[in-house]
Amino acid sequence: IPDMFWMKDVNGVYQSCNRVFERFFGASEANIIGKTDYDFMDKQLADASSANDQEAMNSGKPLLHEESVDFADDGRRVVMETIKTPIYDAQEKLLGVLGIARDVTARKAAEDEIRSLAFYDTLTHLPNRRFLIDRLRRALAASSRHQQKGALLFVDLDNFKTVNDTLGHHQGDQLLAQVGKRLSSCVREGDTVARLGGDEFVVMLENLSQDNLSAATQAEVVGQTVLAVLNQRYLLEDSEVLSTPSIGITLFGGNLDTDIDEPLKRADLAMYQAKAAGRNTVRFFDPAMQAVVVARAALEAALREAIRLQQFQLYYQAQVAADGTVTGAEVLVRWKHPERGMVSPAEFIPLAEETGLILPLGQWVLNAACMQLAAWGRVTATAHLTISVNVSAKQFHKADFVEQVLSTLAQTGANPRRLKLELTEGVLVDNVDEVVAKMRALKDRGVSFSLDDFGTGYSSLSYLKKLPLDQLKIDQGFIRDILTDPDDAAISKMVIALANSMGLGVIAEGVETQAQRQFLAELGCREYQGYLFGRPLPLNEFEAQLGKTALAP
């Protein structure tokens with residue numbers, strides 16, 4: 001027979017084999033009998049073979065499996081289909097295992113080629129329409145379960161026919177192959193890039209945000225990346241050409257779609273909108289979504305310009321002790337746009353976080369706050385004031401965050417004992433040991449730490465025991481209804497008691513009435529911040545307010 005045949009005993013020792021087996025191993029039967037797989041194969045393959053033998057003997061029935069091996073005498077990698085059957089003597093005693101193996105390399109190669117022809121484009125080796133439809137069907141099913149959106153980007157090359165007509169189809173094919181590679185470089189693992197035919201490509205993004213606007217923003221970022229990458233010149237056989245794309249985008253998933261064809265139709269229509277808008281651009285299927293994305297892109301560009309031109313200013317909100325004396329201030333950044341006027345922090349801070357612009361913005365805030373600390377330090381009446389600065393998770397987790405803070409303190413001459421860094425609980429999610437190490441490094445230099453919005457996120461006693469904190473800050477959400485909501489009152493009482501038991505200070509933000517202040521005082525809270533004591537003010541107005549208020553010594 002053309003198949004390999006062998007027998008092993010229960011210990012995996014070869015008892016016999018046929019000539020096909022001899023040829024495959026490059027050894028005679030006499031040199032094979034009495035040896036094991038470990039004498040002919042690497043350990044990993046021998047371990048797998050031994051495990052299959054054992055499984056067949058334990059099950060008492062034949063076991064079929066496939067494996068790739070590359071120890072044939074000609075050095076080629078082959079795929080073997082193997083059946084291993086336990087063998088017994090007349091008394092039903094297990095003697096070992098009988099193996100029969102067939103080289104199915106050619107058959108597997110043919111199957112792979114058939115699959116490739118069925119599901120992949122032969123020119124670009126990208127998934128074809130059939131493969132894309134299958135992936136889209138699965139993505140729609142997954143998104144309906146998890147409510148996460150996906151996006152389709154329909155990419156059509158502008159004036160591709162001109163390339164074919166002037167340079168020939170051969171160089172046109174080269175261009176398409178390069179486009180496929182560039183598109184694949186723009187997406188994450190798990191996303192899909194497909195060629196529908198001609199010069200039409202589709203990029204399918206999965207696992208985007210559950211929120212439509214956030215998902216659209218994520219898709220827009222990829223769309224702009226694709227636009228930039230495909231705008232680079234192409235080096236063909238004997239030409240250098242520029243080929244631009246028109247890109248249509250639509251979201252899918254959640255409760256948006258039930259028909260598998262609808263997302264593709266929408267993306268196709270959006271692509272034609274991009275063509276109508278002058279080509280070489282990106283358009284969303286939904287005009288309202290397009291307007292939102294355009295507005296966000298304009299705001300991001302303006303924010304980058306604002307950071308470059310330093311169009312920001314700090315506002316100061318007083319922090320007071322139980323007797324009403326001002327002990328310091330929290331600084332809050334404001335953006336004064338030359339045309340828009342004051343831009344709300346609620347509008348630009350989340351954008352800064354998403355785009356990474358929070359890093360240069362946060363450094364500007366820290367530098368400006370330290371410069372003011374140094375200025376106050378030179379005046380007796382204000383030398384003891386502290387300034388609290390909010391630090392984002394992205395800032396804090398930068399490798400050189402500690403060095404940046406210490407460098408800023410040194411350059412401005414600010415007293416580190418007057419600087420308080422406010423961390424949100426989101427900072428604690430990743431690598432608590434790193435967080436503690438950075439906090440201790442700064443605390444050793446005199447910088448203090450407050451845990452902002454305490455009770456709204458990931459707090460746990462295990463975190464609090466590790467962190468070298470100085471203060472807990474009760475979130476204003478608990479203060480707003482503290483007089484009418486028993487739960488808010490109980491949480492505030494718990495935070496105050498916890499802080500006191502751990503030797504930490506505690507400050508309540510969002511205090512707006514005397515009744516709230518009195519209630520907090522009765523619970524043991526001795527520091528406050530809120531409209532009752534003053535709104536966030538520009539520096540000159542804050543200092544004018546200080547002139548009318550007692551300062552803590």
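The values are calculated or read from the model by the stated rules, or taken from the named source; none is laboratory data. None of the values given here were measured: they were computed from a predicted structure. Quick reminder, even Gly has a Cβ in these numbers, built from the backbone with ideal geometry, and neighbours come from all protein chains shown. The area values use the complete protein model at the heavy-atom level, side chains included, leaving out ligands, DNA and RNA. Shrake-Rupley method; radii C 1.70, N 1.55, O 1.52, S 1.80 Å.
Simple spin-label model, 7 Å along Cα-to-Cβ: Glu240 to Met342 in nm?
The answer from the label model is 5.3 nm.
Once every DSSP H run of n ≥ 4 in the chain is given -39500 (n - 2.57) and the sum is divided by its residues, what mean residue ellipticity at 222 nm do you get, rounded to the nearest 500 deg cm²/dmol?
That comes out to -14000 deg cm²/dmol.
Quickly work out the Leu406-to-Leu95 label distance, labels modelled 7 Å from Cα along the C-beta direction, and quote it in nm with one decimal.
According to this spin-label approximation, the distance is 7.7 nm.
Quick check on segment 123-223: what does the Kirkwood estimate of hydrodynamic radius come out to from the alpha carbon pairs, in Å?
Hydrodynamic radius (Kirkwood, Cα only) of segment 123-223 equals 14.5 Å.
Based on the alpha carbon coordinates of segment 283-430, what radius of gyration and maximum Cα-Cα distance (Dmax) apply, in Å?
Expressed in Å, the Cα Rg and Dmax of segment 283-430 come to 17.6, 62.
Where only protein heavy atoms count, and the probe is 1.4 Å, what is the accessible area per residue for the chain in Å²?
Dividing the accessible area of the chain by its residue count gives 49 Å².
Ignoring any ligand, DNA or RNA, what whole percent of the accessible area of segment 78-176 comes from carbon and sulfur when the probe is 1.4 angstrom?
54 percent
Can you give the FRET efficiency for His169 and Arg23, using 1/(1 + (r/R0)^6), R0 = 30 Å, r = Cβ-Cβ distance, to the nearest 0.05?
The calculated FRET efficiency here is 0.05.
Report the FRET efficiency, 1/(1 + (r/R0)^6), for Ala291 and Arg77, where r is their Cβ-Cβ distance and R0 is 45 Å, rounded to 0.05.
The computed FRET efficiency comes out at 0.20.
Treat each spin label as a single point 7 Å out from the Cα along the C-beta direction, and report the Asn31 to Arg334 distance in nm.
The two pseudo-label positions are separated by 8.9 nm.
Specify the inter-centroid distance of segment 1-53 and segment 399-437, based on alpha-carbon positions, in whole Å.
When both Cα centres are located, 64 Å separates them.
Which length gain, in nm to one decimal place, applies between Val436 and Ala515 when the Cα-Cα distance is subtracted from 0.36 nm times their residue separation? Before the final figure, lay out each step's value.
Values: separation 79, 0.36 × 79 = 28.44 nm, distance 3.74 nm.
That works out to 24.7 nm of additional length.
Answer rounded, prolate or oblate for segment 214-324, using the Cα gyration tensor with square roots of eigenvalues a ≥ b ≥ c: rounded when a/c is under 1.5, else prolate when a/b is larger than b/c, else oblate.
On the way: a/c = 3.39, a/b = 1.66, b/c = 2.04.
Cα axes put segment 214-324 in the oblate bin.
Can you give the FRET efficiency for Ala228 and Ala383, using 1/(1 + (r/R0)^6), R0 = 56 Å, r = Cβ-Cβ distance, to the nearest 0.05?
Numbers: r = 52 Å, r/R0 = 0.93.
In this case the efficiency is close to 0.60.
Pull out the extension gain between Asn500 and Lys265, defined as 0.36 nm times the separation in residues minus the alpha carbon to alpha carbon distance; nm, one decimal.
So the extension gain works out to 78.4 nm.
According to the Cα gyration tensor, what semi-axes, each the square root of 5 times an eigenvalue, does the equivalent ellipsoid of segment 493-553 have, listed from largest to smallest in whole Å? Let's see the in-between values first.
Numbers: eigenvalues 130, 35, 20 Å².
For segment 493-553, the ellipsoid semi-axes come out as 25, 13, 10 Å.
Suppose the Debye formula is applied to equal point scatterers at every Cα of the chain; what is log10 I(q)/I(0) at q = 0.05, 0.06, 0.12 Å⁻¹?
The Cα Debye sum returns log10 ratios of -0.41, -0.56, -1.10.
Please compute the length gained on full extension between Asp211 and Leu117, using 0.36 nm multiplied by the number of residues separating them and subtracting their Cα-Cα distance.
30.0 nm
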